[in-house]
Amino acid sequence: MLDWERSRVTIISSSDGSEVPRPPVRSPVAVQASERVVAPEAAVEDQVGEPGLRPRRLADYMGQTALKTVMQVAIDAALQRNEALDHVLLYGPPGLGKTTMAQVIGAELGVTVRITSAPALERPRDIAGLLASLAPSEVLFIDEIHRLNRLAEEILYPAMEDFSLDITIGKGTTARVRRVPLPRFTLIGATTRAGALSSPLRDRFGLIQRLNYYEPEVLQAIVLRSAELMGIVVEAEGAAVIARRARGTPRIANRLLRRVRDWAQLHHEGRVSAEAANEALDGLGVDPLGLDATDRELLRVMITQYHGGPVGIETLAAAISEDVTTIEDLYEPFLLQSGLLARTPRGRVATPRAGVHLGLTLDSGPGAHQLSLPGQFGNPPT
Ligand code: ADP
């Protein structure tokens with residue numbers, strides 16, 4: 001961790017004041033996810049390598065222009081009024097920079113950012129203790145905020161709205177509620193599933209901002225910046241190859257860069273050229289669109305066994321021996337986003353683009369032929 005981060009970011013997991021590393025964020029499918037080189041969720045290797053690569057200020061934060069513009073105005077205005085910033089909800093797929101943005105906001109405001117995640121706030125006293133320990137204008141960052149339980153949410157409502165904490169003293173008929181004032185603070189919530197947030201919670205955020213997948217040119221700039229920070233020699237074309245295969249996601253771009261570096265070190269005298277990057281990524285099974293072997297198998301089965309679809313998700317899962325949740329959470333989002341797969345009321349269909357990519361003909365898929373081809377990163381609604 002950089003000095004700056006050490007001084008400004010407090011990582012906590014409970015209200016007892018102990019500072020412990022943030023527990024790895026684990027979704028039900030995180031175990032498989034962490035084994036995929038193109039998984040957008042943080043793997044252990046990312047947690048070690050990422051902190052030093054995080055942009056620290058708004059000016060270093062690449063892409064997400066609309067988000068940065070909104071945040072710059074809100075931050076400047078809050079600073080001018082000498083008030084805490086409004087509560088912010090950041091949503092979008094994993095690995096796009098939500099945690100990073102929360103830290104950038106803290107740095108721009110010149111305040112400490114306390115980082116935690118909803119699964120670490122299981123008991124009411126975890127969140128109550130945390131809120132009670134906040135200093136004026138501090139930023140509290142809650143990752144995976146859609147996973148907060150009801151009790152925790154209910155404690156959060158008055159805290160967000162009136163900056164007060166309702167504490168129940170005693171039990172049963174003698175129970176009394178005492179209202180304790182809190183300093184004005186900013187809550188930044190992050191979620192990959194905006195739709196899973198309860199509406200009372202969502203309504204309490206003043207700024208709700210979505211993060212989009214990055215264009216390859218922006219990812220290329222991110223790869224070049226990371227390479228410089230890591231002391232890796234990367235040619236512009238080498239960075240472009242990594243960027244194109246990184247599924248619009250900075251976390252994946254940085255991970256692929258680390259893998260390509262190893263290959264370049266062994267076979268290209270440490271220089272990441274386009275050739276080195278292509279060889280390394282081909283070797284890892286990450287193809288020019290960023291698909292891995294399972295992505296391709298899924299599309300291949302749809303095209304060769306089901307004429308491109310429509311095919312039900314259960315049938316598909318059985319055909320490639322995966323479970324439905326794994327397909328829905330891990331494989332489908334990127335295939336949808338890149339216009340290779342589409343959802344219809346009658347099931348999933350492989351698009352003509354998928355056929356072209358795999359060199360297969362979509363002979364009689366009824367839905368497939370009628371589909372238009374969105375751009376590489378179409379950013380469908382979450
Ligand atoms: P999320 O919280 O959305 O899962 P993170 O904020 O942890 O994503 O970002 C993952 C990594 O991607 C960070 O460590 C950082 O190195 C990189 N990253 C994310 N956004 C950007 C950006 N806009 N510019 C440069 N690097 C970024």
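Only the coordinates and a few stated rules stand behind these numbers; no lab work does. Note that the structure is a prediction, hence the values are computed from the model and not measured. Positions of Cβ are generated from backbone atoms using ideal geometry, with glycine treated the same way; all protein chains shown enter the neighbour counts.
Kyte-Doolittle mean at least 0.5 and Cα extent at least 15 Å along the axis: which DSSP H helices of the chain qualify?
Within the chain the helices that satisfy the rule are 65-81, 216-230.
Compute the Cα gyration tensor for segment 35-141, then decide on rounded, prolate or oblate, letting a ≥ b ≥ c be the square roots of its eigenvalues: rounded whenever a/c is under 1.5, prolate when a/b is larger than b/c in the other cases, and oblate in all that remain. The shape class here is oblate. Centre-to-centre separation between the Cα atoms of segment 269-333 and those of segment 78-96: 35 Å. For segment 274-354, trypsin sites (Lys or Arg not before Pro) are listed when DSSP marks them as loop and at most 16 other Cβ atoms sit within 10 Å of their Cβ; the list is 346.
Taking neighbour Cβ counts within 10 Å as the exposure measure, how do 351, 344 sort from fewest upward?
344, 351
Seen through its C-alpha gyration tensor, with square-root eigenvalues sorted a ≥ b ≥ c, segment 293-369 comes out rounded because a/c lies under 1.5. Taking only DSSP H segments of four or more residues, each worth -39500 (n - 2.57), what value at 222 nm results for the chain once the sum is divided by all its residues, to the nearest 500 deg cm²/dmol? After summing the helix terms and dividing by the residues of the chain, the value is -12500 deg cm²/dmol. Residues 214, 157, arranged from fewest to most other Cβ atoms within 10 angstrom of their Cβ, appear as 157, 214.
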